[in-house]
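Notes for the one structure printed next.
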Amino acid sequence: MTAVTATLPSAADTALAILDDPLEQGRYTRWVSGAGGERLGESALQLGGMHCAACAGLIEQALRGVDGVSAARVSAAAERATVTWDPQRTRPSALIAAVRAAGYDAVPDAAAPARALRRMAHRQALWRLFVASFCAMQVMMMATPSYVAGPGELAPDMRQLLNWGSWLLSLPVLLFSAGPFFSGAWRALRLRRIGMDVPVALGIAITFAASTAATFDPHGPFGQEVYFDSLTMFVAFLLGARYLELRARQGAAAALEASLACLPETAWRVAADGSAEAVSVQRVRPGDLLRVAVGQAYAADGVVEQGCTRADESLLSGESAPVAKQVGDEVVAGSLNLGAPVLVRVRRVGGDTRLEAIVSMMRSAASQRPAAARLADRWAGPFLWAVLLLAAGAAAVWSTIDPPRAVWVAVSVLIVTCPCALSLAVPAALVAAARGLSRRGVLLQRLDALEVLAGVQQIFFDKTGTLTEDRLQCTAVQRTPPGAALWPQDADALAAAAGLAAWSAHPLSRALVLAAGTTAAPGSWSAVEEVAGQGVRARDARGREWRLGAPGWAGAGAVEREGSTVTLACDGVTLAAFVFEEALRPGVAEAVRALRDDGVRVTLLSGDTPARASSLAARAGIADVLAGATPEAKLEAVSAAQAAGRRVAMVGDGINDAPVLARADVSLAMGQGALVSRSQADAVVTSNLLGDIVRARRSAQKALRIVRQNIAWAVAYNAISIPLALVGWLPPWAAGLGMACSSLVVVLNALRAAR
């Protein structure tokens, strides 16, 4: 029995082994191509046990030490890691094991385990804060007589009794509440690095040791002054600041998780005989036919094959208005079926869906540390060494001036100079801004893009798919004399044409039906025939032949107009002409005007003819137009603007404009295509609204103002507090309060960037 039991894997080993199941990996891993074309996994992990920015470096070091890991990015602000690994050399279980061996915790970034990890972290943080705050109040109550009593009013034995009580109440704070600081410092020292927990842990340990010595030996080298009240207050204040920071980080994680929660757990798959069976979403494959009930979310991207309904796609566009869906229309995973039951043919599943593409971009942005944050992290290490040397020097100087105060001055220096605020100044604000933009339909793939976007001086817009929608609209109706005699109003001619157009699936026919609105319905036609490349012809009840299509084919007397023209003729006589132009996206003219008002130069790049490009630019309010442009010409235009010293942004569809998107200082992609080919874009505007680009630029400017405010505050705080601590005017309790409040101010100020 013993031998058999010894060979059984532990529960922890079994849980890790399950993560290596390819089906499970699909929940938190996407597959990418490496530099040499090899297949690499990119896994997202939710982390636990992090307390400061230095923890990110320790976890990155542990992950990069795993054989087969080619890249690891850890964000302390988001408590998330993105790891790129070779499936031929390692497994996800090895990644999590490495993180746990480093003293932290990790689970796949999927909803259930991540929620459980956050709940546990929140509960532990709340308990530590409660114990520290409760004990601090009791210790302060016992310390009050020493502060208010006059000389000789407090008997020595009573003072000693109060000190013993304070010492006893400080033990839970030291052993439980301050645990994260000591464990973080030990992890850093074990890896031969110095983190922000090191000076905090030293300050707590020295304060407790010196106060303990003064309690049990009042006539010793540390004198009779104790600082248990300073110790417990410092731990309580710092835990309070970290608790609020934890709530802010978990709010961002919950927002990301809410996007994933849109996917159902099961789907109803329809078999060839018409029967339906419930299957796991992980088992759905392209080509499957799914039955989607009213109120149910779509499990995958697909096309409506039967039925008409409406879908709530607010997770993609930020707009709550339902979108009509008919046979042939695309539906996206995670959107909600609101109208009627439909059958959907699956096209994309898992990591290929638009929802997963959005979530992947949000994860990628949240896992990054922008350049300014990396610079702050690089300075944090030398700064901490300087703090330790400064504290040691202050203790040495004060030991010759006033030996009993030497320890307290050193403790104050260690506590007050912790660079938590400096390291949080940049990532907290940028992550908050990225989260706010994602709610407006602008998804960042690179946090550094915020800094560039804020200073953009010229924006280049592609025309098709960027300023225009992927459809045409009827902009003019012109009746010939025979048509005017038949139809008194243009609307009458439009309704007649739409009745014939309803028999065709051609884009221009669908645009005609859309323009006619509720009056459009298939007419009473016979012998309906659609001639490829020409149009539709049919006979009415009187036997007359009607044609709707190309001017030369429909009949004589066609009306020539700029743009795409469709004519309606009866027995060879043209009765009306319908002119179609590209439909501008909503709010284009307003967005262009707002950019110009902000001092941004707007340029239209188009491969279309000069006449068509100029006509559309005039409608959009753009004066600077480059028409008939090849991809090379677009690239030259962007390069010329950069050579002139301007910071350039490019807005394109993400497919045809990949070279110019890559060349611009910052690039934004529009629409569905951008989500598929987003590798060249710094951000994706899923709402397809140019007004969101204006808001994104202003949000970026606001985020940078907040970053500058945070850095200025952190620098000013240290510049004022360090001299006060060195001259002995800042007691340890005030140093702890100042340090905790400094971090709290930075975090709360950074949260404004999400608005």
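Data overview
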| quantity | calculated |
| --- | --- |
| Residues located in region 455-478, provided they are buried (at least 21 other Cβ atoms within 10 Å of the Cβ), among the β-branched types (Val, Ile, Thr) and in a helix (DSSP H, G or I) | 466 |
| Selected residue (only one of 170, 183 is among the polar types (S, T, N, Q), in contact with a helix residue (DSSP H, G or I) (Cβ under 7 Å, 6 or more places away or on another chain) and assigned to a helix (DSSP H, G or I)) | 170 |
| Residues satisfying the stated conditions in region 269-284, i.e. modelled with pLDDT under 85, part of a loop (DSSP other than H, G, I, E, B) and surrounded by 10 or more Cβ atoms within 10 Å (Cβ to Cβ) | 284 |
| Residues located in region 644-703, provided they are of a type in the set (A, V, I, L, M, F, W, C), modelled with pLDDT of 70 or more and part of a loop (DSSP other than H, G, I, E, B) | 644, 664, 681, 689 |
| Yes/no for residue 609 being in the same structural domain as residue 502 (by TED's automatic domain parsing) and among the β-branched types (Val, Ile, Thr) | no |
| Complete set of residues in region 128-180 that are of a type in the set (Asp, Glu) and on the phi > 0 side of the Ramachandran plot | none |
| Selection status of residue 448, under 30 Å from residue 669 (Cα atoms) and among the acidic types (Asp, Glu) | yes |
| Residues of region 491-512 satisfying the condition of being without any contact (Cβ under 8 Å) to a residue 60 or more places away in the chain and in a helix (DSSP H, G or I) | 491, 492, 495, 498, 499, 501, 507, 509, 510 |
| Residues of region 171-185 that turn out to be touching a residue at least 60 places away in the same chain (Cβ under 8 Å) and surrounded by fewer than 16 Cβ atoms within 10 Å (Cβ to Cβ), as a count | 0 |
| Residue 720 vs. criteria part of a helix (DSSP H, G or I), modelled with pLDDT of 80 or more and farther than 21 Å from residue 750 by Cα | yes |
| In region 182-201, the residues that are under 23 Å from residue 236 (Cβ atoms), over 31 Å from the mean Cα position of the chain (by Cα) and at pLDDT 80 or above | 182, 186, 201 |
| Residue list for region 473-522, restricted to those being under 16 Å from residue 536 (Cα atoms) and of a type in the set (S, T, N, Q) | 504, 509 |
| Region 129-148 residues that are over 18 Å from residue 731 (Cα atoms) and of a type in the set (Val, Ile, Thr), paired with ones that are at pLDDT 90 or above and part of a helix (DSSP H, G or I) (beta carbon under 7 Å, 6 or more apart) | 131/172; 131/173; 131/176; 131/177 |
| Extreme residue, surrounded by the most Cβ atoms within 10 Å (Cβ to Cβ), among residues of region 201-244 that are among the acidic types (Asp, Glu) and assigned to a loop (DSSP other than H, G, I, E, B) | 225 |
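Condition check ((1) outside the structural domain of residue 635 (by TED's automatic domain parsing); (2) buried (at least 24 other Cβ atoms within 10 Å of the Cβ); (3) at pLDDT 80 or above) across all residues:
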| site | (1), (2), (3) |
| --- | --- |
| 433 | yes, yes, yes |
| 453 | no, yes, yes |
| 480 | yes, no, yes |
| 490 | yes, no, yes |
| 496 | yes, no, yes |
| 521 | yes, no, no |
| 525 | yes, no, yes |
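Residue-wise test of (1) part of a loop (DSSP other than H, G, I, E, B); (2) in contact with a strand residue (DSSP E or B) (Cβ under 7 Å, 6 or more places away or on another chain).
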| position | (1), (2) |
| --- | --- |
| 84 | no, yes |
| 132 | no, no |
| 145 | no, no |
| 152 | yes, no |
| 174 | no, no |
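The values are calculated or read from the model by the stated rules, or taken from the named source; none is laboratory data. None of these values were measured; they are calculated from a predicted model. Reconstructed Cβ throughout: ideal geometry from the backbone, glycine too, with neighbour counts over all protein chains shown.
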